[in-house]
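Single-structure report; data block below.
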Amino acid sequence: MSEENKNLEDNTTNELDQAKDAVNENTDAIADEVNDLKENATEAFDSAKEKASELANDAKEALSNVKEKATEFINEDAKEMMSNAKEKASEFADEASEKLSEFKDVAKEKAADLAEDAKETYEEAKVKAKEFASDAGEKISEFADVAEDKLEDLAEDAKETYTEAKKKTKGFFSRLFGSK
């Protein structure tokens, strides 16, 4: 009976160790996933900043082109050409200003969207981590209940074994020395 109790105790210890290992592995996996999500959000934000910078440079280049065209028109001899050049320069400047404004709005919108996506991803990861922690806590509680039941059974078996041994020893000595 003591060999059976030892096996029961060893099995209970092994199950608890396995549960601890599973919790540790899952915690590490969640931490890695959260870090990956943070890295992805950072990369997306950096990409949005880079695109906004490119758009701003494109707008500056367009404005520079407008200035060049305006200079060409101004250098013409005829007043009519000068008048037309001023008109064209004004149109180009308005278009460039509109394009720059559009580029800025698009860049701001993209950056805001990416930041919102990153925030949502982080919140989802946080919720999943809490769910996992709750599930792990329930598992540990279940293992603790099983271990408690097994330990109670083990204690009961040990008590029965002791009682039997006590009776047999008493009977043995009674037979050996006679009943008193």
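What label, among (i) 16.0; (ii) 24.5; (iii) 17.3, belongs to Kirkwood radius over Cα pairs in Å computed from the structure on display? After the calculation, the listed value that fits is (ii).
For Glu138 and Glu109, a Förster radius of 35 Å and the Cβ-Cβ distance give a FRET efficiency of 0.20, rounded to the nearest 0.05. Seen against the Cα atoms of the chain and their longest principal axis, helix 79-177 is set at about 0 degrees. Note on Glu15 and Ser2: the model spin-label points, each 7 Å out from Cα along the C-beta direction, lie 2.5 nm apart. Nearest 10 degrees, 0 to 90: what angle lies between the long axis of helix 2-74 and the longest principal axis of the chain (Cα atoms)? Value to nearest ten degrees: 0. Taking a straight Cα-Cα cut-off under 18 Å and skipping sequence neighbours fewer than 8 places away in the same chain, the aspartates and glutamates within cross-link reach of Lys168 are Asp157, Glu160. Cβ crowding within 10 Å ranks Val66, Val106, Val127 as Val127, Val106, Val66, fewest other Cβ atoms first. Take 27-35, 88-96 and order them by the average number of nearby Cβ atoms within 10 Å per residue, most first; the result is 88-96, 27-35. Placing a label point 7 Å from the Cα of Val146 along the Cα-to-Cβ direction, the residues of the range 1-25 with a backbone N closer than 20 Å are 4-25. Partner lysines whose Cα lies under 21 Å from the Cα of Lys88, excluding those fewer than 8 positions away in the same chain, are identified as Lys60, Lys67, Lys69, Lys79, Lys99. Taking 0.36 nm per residue of separation and subtracting the current Cα-Cα distance, fully stretching the chain between Leu37 and Ala129 would add 31.8 nm.
Every read-out reported here was derived from the displayed coordinates using simple, explicitly stated rules and does not represent laboratory data. This structure is a prediction, so every number in the text was calculated from the model and none was measured. Neighbour counts are summed over all protein chains in view; Cβ atoms, including those assigned to glycine, are modelled from backbone coordinates with ideal geometry.
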